[in-house]
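The values are calculated or read from the model by the stated rules, or taken from the named source; none is laboratory data. Predicted model, so just to flag it, every value in this text is computed and none were measured. Neighbour counts run over all protein chains shown; Cβ positions are idealised from the backbone, glycine included.
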Amino acid sequence: MSCSYLWLKDDFRISNNQALQALIDDENKRKCAIYIYNRDSYLPREAQQWWLAKSLEIFKKKLENLNISLDVIHGIETKIFKKLINSKPFNRIYWNKSCDINENIIEENVKKILNESNIIFKEFKANLLNPVEKIKKDDGTPFKVFTHYWKKAEQIYLKNNHNYNEKIYKNYNKNSKKDVNIQSIYPKKNWYKKFEKYWEPSEENAKKILNDFIKNSIEKYAINRDIPSIEGTSKLSPYLKFGQISVHQIMQKCLEIKNKKIGYRKYINEIGWREFSHSLLHNFSTMQSNNLRKDFDNFKWNKNEKLLIKWKKGLTGYPIVDAGMRELYETGWMHNRVRMIVASFLVKHLRIHWLEGEKYFRDTLLDFNLANNVAGWQWVAGTGADAAPYFRIFNPILQGEKFDAKGYYIKKWCPELKNIPDNFLHKPWEMPKELQNKINVIIGKNYPFPIVNHEEARNSALKAFKELRR
Ligand SMILES: Cc1cc2nc3c(=O)[nH]c(=O)nc-3n(C[C@H](O)[C@H](O)[C@H](O)COP(=O)(O)OP(=O)(O)OC[C@H]3O[C@@H](n4cnc5c(N)ncnc54)[C@H](O)[C@@H]3O)c2cc1C
């Protein structure tokens, strides 16, 4: 008996999933799903191996409730498809296009193989508001400035009629056997076990978070989004990356809000930044490993493994930087304001290449996506489109004082600083010796001296930047 397939990618949801819906509506009685785990594309993405394995476990059960069996296969996509075509009769396959430009190349190669074997396939829209190739300037060239891009992209999205028909399928609790091909995706280090305290990668959870955010937090988003000690942002990013929720579902919920105030506008704009990053990567694919601004190709970056490790471990001596890096390692996520501060510290104070930071975030972020990560790093480094200029250097002391004045965030992630008085929170090295002894925060012993002096590092970065201009 012939069968129809779903090629499952980063879309672990039953509702608002066009490819899955096409499979459900397909006239073939036998319906299967396949997930191909290509280890190479998860190097280095150790944190996301946990999210992926969890998502597969949860989603496999959901698909079984719809009488769709899920096969998780390890290997290279094109090879697996060739094998599949030779071993199993199937005549139709559906998938949702990936948002990742490297995945899109794989999809094109798979299409060739399917065409050669006369297998009908249908690719549905990616988890983006607009098809990425659609938004161009009037002269047909890609946008490099966010505000211009988003003005057009948002209008086009709103003009189109999105028949948003969310079908809900009941989720019965069915016990299914452990799948060894899923179990072997979990990272080898036990590091990931901590994530279970903070996240549950299910569609239901994503919907609950979205509903709670719209009900309780979006109104104050414009202010609270910059305060890392408050849960002022939606924290939907990993769910969005793995498709437990789609950007259309988020947009729809936002559009339903009656009183659309500044919080709504700011939030929608952030969704716009996600679209913009994807548009940039689509149009300038070399920026995944090269400066978008070629004038930075001769910039004098430092190679310093020791400082890089101190940054990764959250031992720089600057509390706001250290708190951010430790939040990342503990939870697989970091607040956006702090991402900007730690990234700026790496590329400007330590003058280490943004690609090193990009790689570390790739490995440790649960929400890593190529477009946002590369665009985020190039934005901070000043090498990207519509980026913060290189000469604008975040002062980690002032940033801490402005966005974590009482030190709630710092004390949460750097508990050794919990007794520090407010006036030394962001510059603990200035504490007099007697005070250090009294509160048992001995700089150089249980909290590090700053690994670089802010003023000196700033001047040296500006000098390197000036030399580039010559
Ligand atoms: C150096 C650096 C690296 C980054 N790497 C990633 C990454 O790998 N993956 C990732 O999803 N985001 C990345 N970001 C963007 C941003 O930090 C996260 O999207 C955000 O912190 C996620 O938290 P949230 O879901 O609570 O965001 P919210 O504030 O609730 O925003 C909602 C959604 O909008 C999008 N968004 C928000 N801010 C941005 C932004 N600045 N750029 C693009 N999209 C945004 C995200 O999809 C987010 O989930 C990076 C930012 C920087 C500065």
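Tabulated values for the structure
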{"item": "Of all residues in segment 242-266 being assigned to a loop (DSSP other than H, G, I, E, B) and within 14 Å of the ligand (Cβ to nearest atom), the one that is nearest to F368 (Cα to Cα)", "result": "F242"}
{"item": "Single condition L398 does not satisfy, out of (1) assigned to a loop (DSSP other than H, G, I, E, B); (2) more than 16 Å from the ligand (Cβ to nearest atom)", "result": "(1)"}
{"item": "Checking S2 against (1) touching a Phe, Trp or Tyr at 6+ places or on another chain (Cβ under 7 Å); (2) modelled with pLDDT of 95 or more; (3) of a type in the set (S, T, Y); (4) surrounded by fewer than 16 Cβ atoms within 10 Å (Cβ to Cβ), the condition it does not meet", "result": "(2)"}
{"item": "Boolean, E203 is over 29 Å from E401 (Cα atoms) and crowded, with 21+ Cβ neighbours inside 10 Å", "result": "yes"}
{"item": "Unmet criterion (only one of (1) away from the ligand (no atom under 15 Å from the Cβ); (2) under 15 Å from the mean Cα position of the chain (by Cα); (3) not assigned by TED's automatic domain parsing to the domain that holds I393) for Y329", "result": "(3)"}
{"item": "Exclusive hit being within 16 Å of the ligand (Cβ to nearest atom) and outside the structural domain of K402 (by TED's automatic domain parsing), set S289, S344", "result": "S289"}
{"item": "Residues of segment 205-245 classified as acidic (D, E) and more than 22 Å from L328 (Cα to Cα), total", "result": "2"}
{"item": "Segment 353-383: number of residues that are of a type in the set (F, W, Y) and within 6 Å of the ligand (Cβ to nearest atom)", "result": "3"}
{"item": "Single condition K406 does not satisfy, out of (1) of a type in the set (K, R); (2) away from the ligand (no atom under 16 Å from the Cβ); (3) in a helix (DSSP H, G or I)", "result": "(3)"}
{"item": "Filter pass, I93 being part of a helix (DSSP H, G or I) and surrounded by 17 or more Cβ atoms within 10 Å (Cβ to Cβ)", "result": "no"}
{"item": "Pairs with Cβ under 6 Å, 6+ apart, first in segment 332-356 and closer than 13 Å to V321 by Cβ and among the small types (G, A, S), second within 12 Å of the ligand (Cβ to nearest atom) and in a loop (DSSP other than H, G, I, E, B)", "result": "S344/F394"}
{"item": "Residue count for segment 389-408, restricted to those that are within 28 Å of the chain's Cα centre (by Cα) and either surrounded by fewer than 17 Cβ atoms within 10 Å (Cβ to Cβ) or without any contact (Cβ under 8 Å) to a residue 40 or more places away in the chain (or both)", "result": "8"}
{"item": "Some residue of segment 10-17 being farther than 23 Å from A371 by Cβ and among the β-branched types (V, I, T)", "result": "yes"}
{"item": "Count - residues of segment 285-303 that are within 24 Å of N127 (Cβ to Cβ), touching a Gly at 6+ places or on another chain (Cβ under 9 Å) and surrounded by fewer than 19 Cβ atoms within 10 Å (Cβ to Cβ)", "result": "0"}
{"item": "Criterion violated by K261 - all others in (1) assigned by TED's automatic domain parsing to the domain that holds N211; (2) in contact with a Phe, Trp or Tyr (Cβ under 9 Å, 6 or more places away or on another chain) satisfied", "result": "(2)"}
{"item": "Residue within segment 131-139 that is of a type in the set (D, E), loosely packed, with under 12 Cβ neighbours inside 10 Å and at pLDDT 95 or above present", "result": "yes"}
{"item": "Residue in segment 7-30 that is part of a helix (DSSP H, G or I), among the basic types (K, R) and over 29 Å from P131 (Cα atoms) present", "result": "no"}
{"item": "Some residue of segment 127-143 being of a type in the set (K, R), at negative phi, more than 22 Å from the chain's Cα centre (by Cα) and not in a loop (DSSP other than H, G, I, E, B)", "result": "no"}
{"item": "Test for D386: is it in contact with a helix residue (DSSP H, G or I) (Cβ under 8 Å, 6 or more places away or on another chain), modelled with pLDDT under 95 and acidic (D, E)", "result": "yes"}
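Results for (1) under 17 Å from the mean Cα position of the chain (by Cα); (2) part of a loop (DSSP other than H, G, I, E, B); (3) more than 8 Å from the ligand (Cβ to nearest atom), shown as yes or no for each residue.
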site	(1), (2), (3)
P201	yes, yes, yes
E204	no, no, yes
K208	no, no, yes
I214	no, no, yes
S217	no, no, yes
Y221	no, no, no
I227	no, yes, yes
I230	no, yes, yes
L240	yes, no, no
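Yes/no matrix, rows are residues, columns are (1) polar (S, T, N, Q); (2) more than 16 Å from the ligand (Cβ to nearest atom); (3) surrounded by 22 or more Cβ atoms within 10 Å (Cβ to Cβ):
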site: A385; (1), (2), (3): no, no, yes
site: I410; (1), (2), (3): no, yes, yes
site: F424; (1), (2), (3): no, yes, no
site: I439; (1), (2), (3): no, yes, no
